[in-house]
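Below is one structure; the comments refer to it alone.
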Amino acid sequence: MEWHKLPLAAQLEKLRAGEVESLALTRALLERIKEKDSRIKAFLKVTEEEALAAAEEADRKRRAGEERPLLGLPLAIKDNICTRGITTTCASKILANFVPPFDATVVERLKEAGAVILGKTNLDEFAMGSSTENSAFFPTKNPWDPSRVPGGSSGGSAAAVAAGFCSGALGSDTGGSIRQPASFCGVVGLKPTYGRVSRYGLVAFASSLDQIGPLTRTVKDAALLLQYIAGHDPKDSTSAPEEVPDYLAALKTDLKGKKIGVPKEYFGEGLDEEVRQKVEDALRIFREELGLETKEISLPHTPYAVATYYIIAPAEASSNLARYDGVKYGLRVEADDLIEMYKKTRSQGFGPEVKRRIMIGTYALSAGYYDAYYKKASQVRTLIARDFEEAFREVDFIIGPVAPTPAFKLEERVDDPLKMYLSDIYTISVNLAGIVGLSLPCGFSKEGLPVGLQIMGPHFSEPQTLALGHQFEEILKLYEKYPEI
């Protein structure tokens, strides 16, 4: 049995039915990682010993009649999410040897549900990037074409799922970092409502934008993982005190007659013709086979989203990353005095993209520029959020592309920050507004590269958004296609 070709939900059924033990499944995936990951480089650290011990423990529990929702299921975790006793580097030299003394809430919840942690996946340093080329250690490659990027910043998690190295993975999304790599790697990625999933133990990049979410082979798998990571957490002051609905049951929701908004701003200049065609084909399926209505809408402040994001996110990053000073943890470069030690530690510890964003953010927050930049960006952010509020009065969902193009070549944009930043033009607004964003495959380009479709829903509309995604994917069944590595 090629276990890596089964979606997470199907693996779980086999585990529960006793058709496979967790130890055998975990070993099969670890073997696949050993055999194939040298070509993809999805993992920064594979925790083989810990994973095998956890799988044995899961099998013992099941034999003793103890059942847990994700018992024995092997998952991967993006390396900016804290894992007790396992390095959490954020793909940065400054945290190369950092071992957290605690688990992030999401990791704690997955372990309580019985999941097995296979290892930590690669990312753009401190989650700053759209290609996973900004990792301080090595770039990750796209399993569909290793000459191309897997997207970013959760490129390691998306590549690991696409390559069949794990049953599912967690990523984080600040401006598209789950959805864009999901699109490039042909998997499903969910950015939940801001506050739906605890951020406690997620190494902060931009605190008002960051959100943890699942990357999986199918929408059903994403609903399953969300079920056990969602919910209020008193350790996170931004966590919403909302009840967690039954996401799996919601997949069967009847959506006939619901309205889809198609924003004209998402189909203008810069959109690749093949991507446009695949998204338009998908809209036809929503209309003709699922019985939904489509309507052109406007999100008029979309052209300002990238500029707004690249003031707010770096400003928050410059504050959050001030803690990496060589004093309490992480890299410390010795020097003659304290100021020199700070300078050397931060100069040697941070990569060029992180430095670029810290400088932009510090400038935007500095005296004399705060009102002109950060305050103005915050006001535009409110206008962008208002665009969505008004749109959701007329329609139930908004649908468009995830990224302007399929996966681009490695090193193609690494020296052109603006071109790289524009990779997130359709995803950034979802973070600025704090709403739901789901990326799922809707086809392949002529070169065989995956193309992603984005479904956006109002705050806490995960049940309906997942239902729409699930019903769409069951028509195309693109999750049955696998990259040959």
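Can you put ASP336, ASP103, ASP124 in order of Cβ neighbours within 10 angstrom, beginning with the fewest?
Lowest to highest Cβ neighbour count: ASP336, ASP103, ASP124.
Once amide H atoms are placed 1.01 Å from N in the peptide plane, what residues at a sequence separation of 5 or more from THR83, or on another chain, have their amide H within under 5 Å of its amide H?
Long-range HN contacts for THR83: ALA104.
Please work out the Cα convex hull volume for the range 303-377 and give it in Å³ per residue. Present the calculation step by step, with values, prior to reporting the outcome.
Values: hull volume 6.6 nm³, N = 75.
In the range 303-377, the Cα hull volume divided by residue count equals 87 Å³.
Give me the net charge of ALA159's neighbourhood, meaning all other residues with Cβ under 14 Å from the Cβ of ALA159; Lys, Arg count +1, Asp, Glu -1. All intermediate terms of the calculation are to be shown ahead of the outcome.
Values: positive: ARG32, LYS36, ARG39, LYS41, LYS78, LYS120, LYS141, ARG148, ARG217; negative: ASP37, ASP79, ASP124, GLU133, ASP145.
Local charge sum for ALA159: +4.
So for ARG109, ARG27, ARG60, fewest C-beta neighbours within 10 Å to most, what's the order?
Ascending number of Cβ neighbours within 10 Å: ARG60, ARG27, ARG109.
Among the GluC sites (Glu not before Pro) within the range 1-62, which fall in a DSSP loop and have no more than 13 other Cβ atoms within 10 Å of their own Cβ?
Working: sites: GLU2, GLU13, GLU19, GLU21, GLU31, GLU35, GLU48, GLU49, GLU50, GLU56, GLU57; in loops: GLU2, GLU19, GLU21.
Filter output for the range 1-62: GLU2, GLU19.
Any idea how far the Cα center of the range 1-29 sits from the one of the range 43-111, in Å?
Each part reduced to its Cα centre gives a spacing of 18 Å.
For the range 268-348, run through the trypsin sites (Lys or Arg not before Pro) and keep only the ones in DSSP coil with at most 12 other Cβ atoms within 10 Å of their Cβ. Could you put the intermediate results ahead of the total?
Details: sites: ARG276, LYS278, ARG284, ARG287, LYS295, ARG323, LYS328, ARG332, LYS343, LYS344, ARG346; in loops: LYS328, ARG332.
Answer by residue number: LYS328.
Among all lysine pairs in the range 303-377 that are eight or more places apart or on different chains, how many have alpha carbons less than 28 angstrom apart?
So the count works out to 7.
With θ taken as phi - 60° and the coefficients 6.51, -1.76 and 1.60, list the Karplus ³J(HN,Hα) couplings across the range 182-192 in order, rounded to whole Hz; mark glycine and proline as x.
Each residue of the range 182-192 in turn: 4, 5, 5, 9, x, 10, 9, x, 10, 9, x Hz.
Taking LYS264 as the anchor, which lysines have their alpha carbon closer than 19 Å to its alpha carbon, excluding any fewer than eight residues away along the same chain?
Reachable lysines: LYS278, LYS295.
What's the exposure ranking of VAL414, VAL161, VAL116, going from fewest to most Cβ atoms within 10 Å?
If I rank by nearby Cβ atoms, fewest first, I get VAL414, VAL116, VAL161.
Pick out, in residue order, every one of the chymotrypsin sites (Phe, Trp or Tyr not before Pro) in the range 368-428 that is DSSP loop and has at most 16 other C-beta atoms within 10 Å; say none if there are none.
Passing both the DSSP loop test and the Cβ count: TYR369, TYR370.
Determine ³J(HN,Hα), in whole Hz, for all residues of the range 256-271 in sequence, where each value follows from phi through the Karplus function 6.51 cos²θ - 1.76 cosθ + 1.60 and θ = phi - 60°; x replaces Gly and Pro.
Working through the residues one at a time gives 4, x, 5, 10, 10, x, 10, x, 4, 5, 8, 10, x, 4, x, 7 Hz.
Write down the Å³ per residue value for the convex hull defined by the alpha carbon atoms of the chain.
Cα convex hull per residue, to the nearest whole number: 137 Å³.
So for the range 20-138, considering every pair of alpha-carbon atoms, how many percent are separated by more than 26 Å?
22
Computed from the coordinates by the stated procedures, all read-outs in this text should not be read as laboratory data. What you are looking at is a predicted structure, and each value in this text was computed from that prediction instead of being measured. Because the Cβ atoms are built from the backbone with ideal geometry, glycine has one as well, and the counts that use them run over all protein chains shown.
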